[in-house]
Amino acid sequence: MDVSSVAAIAAAMASWAAVAVALIAIRPARRSARASEEQTDIQRELARQSAQPYVWADIQPDRQQGTLIHLVVGNSGPTVARNIRVTIDPPLPFHSNDTSYIEVAQRRLQDGILSLAPGRMLSWRIGLSRELLKNENDTTVYKVCVNADGPYGPMAPNQTEIRLTDWRESDAPDGSLHYIGKEIGKLVRAVENMAKSRN
């Protein structure tokens with residue numbers, strides 16, 4: 001075997017070795033490319049989710065006096081929510097003489113609210129807490145489902161469960177001096193009227 005044949009065989013073997021090394025390196029490169037694509041998809045989805053509104057529905061006591069209970073729908077997300085639909089199953093009860101508020105509210109929420117800006121809340125009076133919470137054995141669970149559209153289209157439904165009796169024996173809100181001020185104003189006017197009538 002002459003020198004040129006040996007050189008050709010050595011070159012061929014080196015080429016095959018380079019091909020083998022390249023084939024071995026392809027697998028990790030493919031895995032790395034796939035992982036990079038998955039990471040990009042995850043980051044894109046996180047950015048999309050962080051730009052979506054967060055619409056919720058709940059039952060809350062009146063923040064000023066605590067004797068009323070309200071159905072509240074709010075948007076805690078960074079963008080405007082559109083086409084907000086809230087369904088409550090079974091429908092919320094009403095016990096006071098004024099039943100139209102909660103019936104109208106539930107119907108309006110099922111039909112849909114046009115839009116709700118970030119940080120905005122809408123509230124409807126359900127009734128007096130003493131009437132709604134008087135039956136301590138009531139175990140009715142109200143399933144509340146909120147659907148809405150964000151800047152990227154329909155959002156995943158937000159579902160919660162509410163049991164009115166969970167509110168029993170809980171602390172009342174701090175309240176407000178607004179109602180006390182109104183009553184003091186009435187007393188002042190009554191005293192003034194009495195003083196005028198004596199003169």
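The values are calculated or read from the model by the stated rules, or taken from the named source; none is laboratory data. From a predicted model like this one, the values you see are computed outputs, not experimental measurements. Glycine also receives a Cβ, built like all others from the backbone with ideal geometry; neighbour counts cover every protein chain displayed.
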Exercise for review: Kindly indicate which of 3, 55, 73 is modelled with pLDDT under 75 and either under 30 Å from residue 153 (Cα atoms) or exposed (fewer than 10 other Cβ atoms within 10 Å of the Cβ) (or both).
Suggested key: 3
Check your understanding: In region 148-180, which residue that is loosely packed, with under 12 Cβ neighbours inside 10 Å, hydrophobic (A, V, I, L, M, F, W, C) and modelled with pLDDT of 65 or more is farthest from residue 115 (Cα to Cα)?
Key -> 180
**Study point:** Filtered residues of region 116-170 (kept if touching an Asp or Glu at 6+ places or on another chain (Cβ under 9 Å) and among the basic types (Lys, Arg))
**Key:** 125, 143, 163, 168
